[in-house]
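Participant: Can you read through this structure? Questions will come right after.
The values are calculated or read from the model by the stated rules, or taken from the named source; none is laboratory data. Everything numeric here is computed off the predicted structure, so don't read it as measured data. Heads up, the Cβs are rebuilt from the backbone with ideal geometry, glycines too, and the neighbour counts pull from every protein chain shown. When the accessible area is computed, the model is the full protein with side chains, heavy atoms only, and any ligands, DNA or RNA have been set aside. Shrake-Rupley method; radii C 1.70, N 1.55, O 1.52, S 1.80 Å.
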Amino acid sequence: MSDATLDMPVGGTAQRAGNEPLVAADGTPLKQKLAQTTRRMKLRALMLTMPLVLFVLIAFVAPIGDMLFRSLYNPTGSNVVPAFAEAIQQWDGQDLPSEETVKIFVEDLAKARRSREIGRTVGNLATRLNYELPGYRSLVTKTARRAARITEGPYKEALFAIDKRWEERIVWTTLQRITKDYTLAFYLAATDRKYDADGSIVQADELYRIYVPILWKTIWVSALITALCFIIAYPVSYLLSTLPLRISNLLMILVLLPFWTSLLVRTSAWIAMLQTEGVVNNIFVYLGIITDESRIQMIYNLQGTIIAMVHILLPFMILPLYSVMKTIPPSYMRAARSMGASGTYAFMRVYFPQTVPGIAAGTLLVFILAIGYYITPALVGGNDGLLISNLIADHIKKTLNWSLGAALGTILLVVVLVFYWLYNKLVGVDNLKFG
Amino acid sequence: MNKSASQSQARDDAFVRFENVQKSYDGEVLVVKDLNVDIAEGEFLTMLGPSGSGKTTSLMMLAGFEPATHGEIYLAGESINNVPPNKRGIGMVFQNYALFPHMTVAENLAFPLKVRRMGRADIEERVQRALDMVELPQMGGRRPAQLSGGQQQRVAVARALVFEPKLVLMDEPLGALDKQLREQMQYEIKHIHENLGVTVVYVTHDQTEALTMSDRVAVFEDGVIQQLSAPDELYERPQNSFVAQFIGENNKFDGTVSAISNDSCTVELNGGGTVQAARVGDLVGQGDRTTLSLRPERVEIAPKNGALPNVLTGEIIELIYLGDHIRTRMRVAGNEEFIVKVPNSADHVPLAEGAKVNVGWKTEDCRALDPL
Ligand SMILES: Nc1ncnc2c1ncn2[C@@H]1O[C@H](COP(=O)(O)OP(=O)(O)OP(=O)(O)O)[C@@H](O)[C@H]1O
Ligand SMILES: [Mg+2]
């Protein structure tokens with residue numbers, strides 16, 4: 001712009017000279033005015049999303065935050081033996097704690113035994129200790145029963161008399177650790193690790209290493225299910241996208257039909273199909289493929305989990321694939337063919353690359369759903385078909401070790417986020433097309 | 001252009017030949033009925049016709065994407081009914097261009113060359129030449145989505161030509177462009193055709209496009225070629241009423257043939273009056289109903305007495321000033337849509353709405369065609 005135009009009154013009201021900012025008709029700077037007007041619009045838009053935002057905050061963000069918190073925060077120790085919890089922190093971890101500290105411990109135990117308050121009973125402490133030192137539950141309960149009778153020192157000797165294990169240093173270092181409110185112990189447990197007597201992190205005993213193997217198994221089973229879904233869904237989606245609308249709509253209903261049936265019903269149907277006295281085995285026997293004695297175990301194991309989950313998750317693969325394929329006009333393939341490409345070549349170079357956004361969306365969707373799937377493995381998984389989410393549910397519902405459940409849940413969340421991040425690196429999330 | 005050469009092409013050395021080709025998609029309706037066309041090498045042949053008349057279907061049969069239900073298609077003397085599309089060596093331009101969105105322009109152009117396993121250097125050189133040809137030398141690195149419609153169109157043309165096919169098919173390649181760009185592209189495609197000497201089969205439903213670009217035009221209607229001739233022939237000597245109506249503007253009168261002679265006939269108009277009209281083959285005989293066809297620019301307003309054999313009186317209903325000519329709508333022999341284009345010359349007769357004037361024309365300009 002030349003100076004001449006700069007000096008020209010714009011519309012007679014707003015003027016601009018030199019470097020002064022543009023002003024609106026009422027004299028406020030234009031930028032500010034614009035911000036004012038757009039702020040009102042933004043506020044309105046925000047109001048519209050308020051119900052959703054609230055819902056997400058209450059039903060999603062808060063529970064996840066709570067889960068993260070629980071996995072790190074466990075006040076059982078300090079609840080049951082509060083005075084001891086403070087005293088033991090002075091101990092340097094050498095030899096055994098002082099006579100004074102042990103006295104406080106005995107008194108706290110005696111007090112706790114009389115307590116009937118949920119979360120503050122001796123049993124709670126015993127369980128908590130047992131998480132870290134399997135088999136040491138009885139040590140606490142037994143001692144607590146007799147604690148009231150110990151009225152004078154030496155307290156250490158009194159404890160040794162009750163149980164020899166009080167002479168082990170690891171009992172006291174563990175007590176020192178679990179009476180702190182914040183702990184990494186549950187993450188260690190969730191990754192098959194533990195503290196040794198000196199407080200350094202070591203692998204758990206062979207027998208107790210279950211979570212990492214199950215996590216790996218969950219990941220590869222989910223990957224396998226995703227791959228199977230892809231192999232089945234790709235040709236079906238292609239067919240759906242090329243057939244005349246009338247027929248493809250009909251087939252689409254068949255694809256969507258599972259969505260209209262309860263998940264429980266579908267999973268039960270697989271039980272009816274696959275059990276040893278089930279439809280599939282009966283047919284095999286009838287056809288003479290197998291004998292009546294050698295019926296195949298197809299359910300209540302990993303195989304059953306995979307079959308049922310592939311079936312249940314299939315629509316999540318078909319729908320994004322279909323919606324992407326639907327937008328690819330047949331003229332691309334025709335153009336490639338007219339230029340001399342064979343059918344396979346044209347497919348690999350022209351059609352397939354264009355379906356990548358659908359593949360990416362479908363595989364991500366199925367994988368993430370599969371990795372956290374609970375109900376189907378629980379119903380048809382038997383023992384070896386259990387996945388990580390079943391263990392989480394166990395800890396939440398049966399063993400009531402919520403902290404460990406939360407730690408496992410958090411690890412699962414992190415795994416999913418890592419996969420999502422990897423995906424974003426490889427495919428680019430903007431390239432995903434869900435529908 | 002050597003129209004006479006292409007018209008007199010002997011059947012035997014036709015480059016492309018449709019022989020009694022029929023096509024039905026559903027087994028109930030014939031979408032293409034008994035198609036017989038010979039196309040000479042180097043010819044620019046356009047298939048023109050209303051929507052659904054079977055143009056694309058005919059093109060797809062030639063390209064090999066749809067099998068002919070009946071009949072034979074020959075390319076360079078060989079039947080290609082059983083040759084798959086990738087073995088036919090036919091270039092194709094689609095209406096939506098069908099440029100591969102996940103490849104750059106250069107990769108798009110290289111595609112047919114890569115399929116043919118050409119050397120890298122060779123491919124690069126040809127791609128660059130093709131880009132130069134369509135005047136987009138710098139655009140090789142872009143994605144199709146980053147090009148304007150007209151540029152995409154050019155790339156599509158370049159891609160269909162880059163592997164030097166003998167035959168190129170274009171299905172409404174300019175359909176998505178605005179008028180100005182269309183006209184420019186028409187010129188450019190025509191230019192490329194002349195330079196390369198490639199045979200082009202072109203589909204459009206824009207008659208101006210067909211007339212300006214083609215050596216010959218095949219007018220399709222309902223799966224049948226109504227007329228196949230050079231543009232001037234098509235416009236000036238339509239063989240039937242459909243063609244006369246479809247191509248250009250046309251005044252029509254319904255009437256009955258009262259007498260016939262060698263190359264003309266006398267027609268009693270339904271709206272009153274008698275005129276002499278040219279006969280078209282044996283299309284109409286004595287006593288038959290007929291529809292007369294007369295181009296607006298062949299009508300003379302207020303002709304001198306006795307100068308023209310056919311003179312009727314009409315009433316001016318509407319005048320539209322168009323600069324170079326005045327479009328005059330009149331009521332003549334009961335026809336209220338009778339259009340005359342009066343050139344805006346210095347001495348043209350003064351016109352006024354409501355005025356009565358004589359209109360006249362030569363016998364050979366008025367053709368007696370089949371009744372509509
Ligand atoms: N794949 C198909 N299946 C069934 N019918 C079809 C198919 N393609 C075309 N048709 C029908 O065949 C007839 C001719 O279609 P075609 O596409 O050849 O017309 P067209 O002349 O190219 O028309 P337009 O100018 O609209 O492109 C139409 O009635 C159409 O409905
Ligand atoms: Mg068409």
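Participant: If you take the C-alpha gyration tensor of chain A, multiply each eigenvalue by 5 and take the square root, what semi-axes do you get, largest first, in whole Å?
Facilitator: Numbers: eigenvalues 631, 354, 69 Å².
After diagonalising the Cα gyration tensor, the semi-axes are 56, 42, 19 Å.
Participant: Rounded to the nearest 5, what % of the DSSP beta bridges within the protein assembly as shown are antiparallel ones? Write out the running numbers ahead of the final one.
Facilitator: Values: 65 of 85 bridges.
Percentage antiparallel, nearest 5: 75.
Participant: While we're looking at this one, here's another question. Among the listed pairs A:Lys156/A:Lys180; A:Lys103/A:Lys397; B:Lys179/B:Lys356; A:Lys217/A:Lys425; A:Lys433/B:Lys55, which are separated by more than 29 Å between their Cα atoms?
Facilitator: Correct reply: A:Lys103/A:Lys397; B:Lys179/B:Lys356; A:Lys433/B:Lys55.
Participant: Which of rounded, prolate, oblate describes the protein assembly as shown, given a ≥ b ≥ c as roots of the alpha-carbon gyration tensor eigenvalues and a/c under 1.5 marking rounded, otherwise prolate only if a/b is larger than b/c?
Facilitator: prolate
Participant: What does the convex hull of the alpha-carbon atoms of segment A:211-431 project to on average, in nm²?
Facilitator: In nm², the orientation-averaged hull projection of segment A:211-431 is 15.8.
Participant: Please give the Cα centre distance for segment A:375-425 versus segment B:282-351, rounded to the nearest Å.
Facilitator: The distance from the Cα centre of segment A:375-425 to that of segment B:282-351 comes to 88 Å.
Participant: Oh, and also: I'd like the mean, over residues of B:55-68, of how many other protein chain beta carbons sit within 10 Å of each residue's own Cβ.
Facilitator: Mean partner shielding for this stretch: 1.
Participant: Defining a contact as two alpha carbons under 8 Å apart and six or more residues distant in sequence, what relative contact order in percent does segment B:250-369 show?
Facilitator: Averaging sequence separation for qualifying contacts and normalising by length gives 32 percent for segment B:250-369.
Participant: Next question, about the same structure. What part of the accessible area of chain B, given as a whole %, is carbon or sulfur when the probe is 1.4 angstrom?
Facilitator: 46
Participant: OK, next. Shape verdict for chain B, please, from the Cα gyration tensor: rounded (a/c under 1.5), prolate (a/b greater than b/c) or oblate.
Facilitator: Numbers: a/c = 2.84, a/b = 1.80, b/c = 1.58.
Judged from the Cα gyration tensor, chain B comes out prolate (a/c at least 1.5, a/b above b/c).
Participant: Is it possible to state the helix-based mean residue ellipticity at 222 nm for the protein assembly as shown, with each DSSP H run of 4+ residues giving -39500 (n - 2.57), the sum divided by total residues, to the nearest 500 deg cm²/dmol? What is it?
Facilitator: Taken over the protein assembly as shown, the calculation gives -14500 deg cm²/dmol.
Participant: Something else about it: Are there any residues in segment B:104-136 with a reduction of at least 40 Å² in accessible surface when going from the isolated chain to the assembly of protein chains? Probe 1.4 Å, please list them by number.
Facilitator: B:Phe111, B:Val115
Participant: Additional query: How high is the relative contact order of segment B:142-295, in percent, counting Cα pairs under 8 Å that sit 6 or more residues apart?
Facilitator: Relative contact order for segment B:142-295 comes out at 14 percent.
Participant: Given chain B, what percent of its DSSP beta bridges are antiparallel, to the nearest 5?
Facilitator: On the way: 59 of 79 bridges.
Antiparallel: roughly 75 percent of the beta bridges in chain B.
Participant: Computing the accessible area with a 1.4 Å probe over protein heavy atoms, can you report the carbon and sulfur percentage for chain A? Numbers along the way, then the final one.
Facilitator: Values: 15620 of 23960 Å².
Carbon and sulfur: 65 percent of the exposed surface of chain A.
Participant: I've got another one for you. Note the buried accessible area between B and A here, summed over both chains, with a 1.4 Å probe, in Å² to the nearest 100.
Facilitator: Summed over both sides, the interface buries about 1700 Å².
Participant: How high is the relative contact order of chain A? Use alpha-carbon pairs under 8 Å, at least six apart in sequence, and give a whole percent.
Facilitator: 15
Participant: Just to confirm, what accessible area per residue do you get for segment B:10-236 at 1.4 Å probe, in whole Å²?
Facilitator: Using a 1.4 Å probe on heavy atoms only, each residue of segment B:10-236 averages 42 Å².
Participant: A drop of at least 30 square angstrom in accessible area, chain alone versus all protein chains together, probe 1.4 Å. Which residues of segment A:344-360 meet that?
Facilitator: A:Tyr345, A:Arg349, A:Val350, A:Gln354
Participant: Sticking with this one: Given segment B:250-369, report the % of alpha carbon pairs whose separation exceeds 20 Å.
Facilitator: 40
Participant: Then there is this: How far, in degrees from 0 to 90, does helix B:120-133 lean away from the longest principal axis of the Cα atoms of chain B, to the nearest 10?
Facilitator: Tilt relative to chain B: about 20 degrees.
Participant: Any chance you could look up the accessible area of A:Thr327 with a 1.4 Å probe, heavy atoms only, rounded to 10 Å²?
Facilitator: It works out to around 90 Å².
Participant: Now for a different question. In whole Å, what is the distance between the alpha-carbon centres of segment A:288-314 and segment A:217-245?
Facilitator: Computed from Cα coordinates, the inter-centre distance equals 19 Å.
Participant: With θ taken as phi - 60° and the coefficients 6.51, -1.76 and 1.60, list the Karplus ³J(HN,Hα) couplings across segment B:33-50 in order, rounded to whole Hz; mark glycine and proline as x.
Facilitator: 10, 6, 8, 10, 9, 10, 10, 7, 5, x, 7, 10, 10, 10, 9, 10, x, x
Participant: Still on this structure, I have one more. FRET efficiency for A:Ile253 and B:Lys33, Cβ-Cβ distance as r, R0 = 30 Å, nearest 0.05?
Facilitator: Values: r = 38 Å, r/R0 = 1.26.
FRET efficiency, A:Ile253 to B:Lys33: 0.20.
Participant: Could you work out how far helix B:149-161 tilts from the main Cα principal axis of chain B, as a 0 to 90 degree angle to the nearest 10?
Facilitator: 70
Participant: State the Cα centre-to-centre distance between segment A:93-109 and segment B:67-125 in whole Å.
Facilitator: 88
Participant: Another one. Would you mind checking the tilt of helix A:137-147 against the longest principal axis of the Cα atoms of chain A, expressed as 0 to 90 degrees and rounded to 10?
Facilitator: It is inclined by approximately 40 degrees.
Participant: Whose amide H sits under 5 Å from the amide H of B:Met92, counting only residues 5 or more places off or on another chain, with H placed in the peptide plane?
Facilitator: So B:Met92 has HN proximity to B:Leu169.
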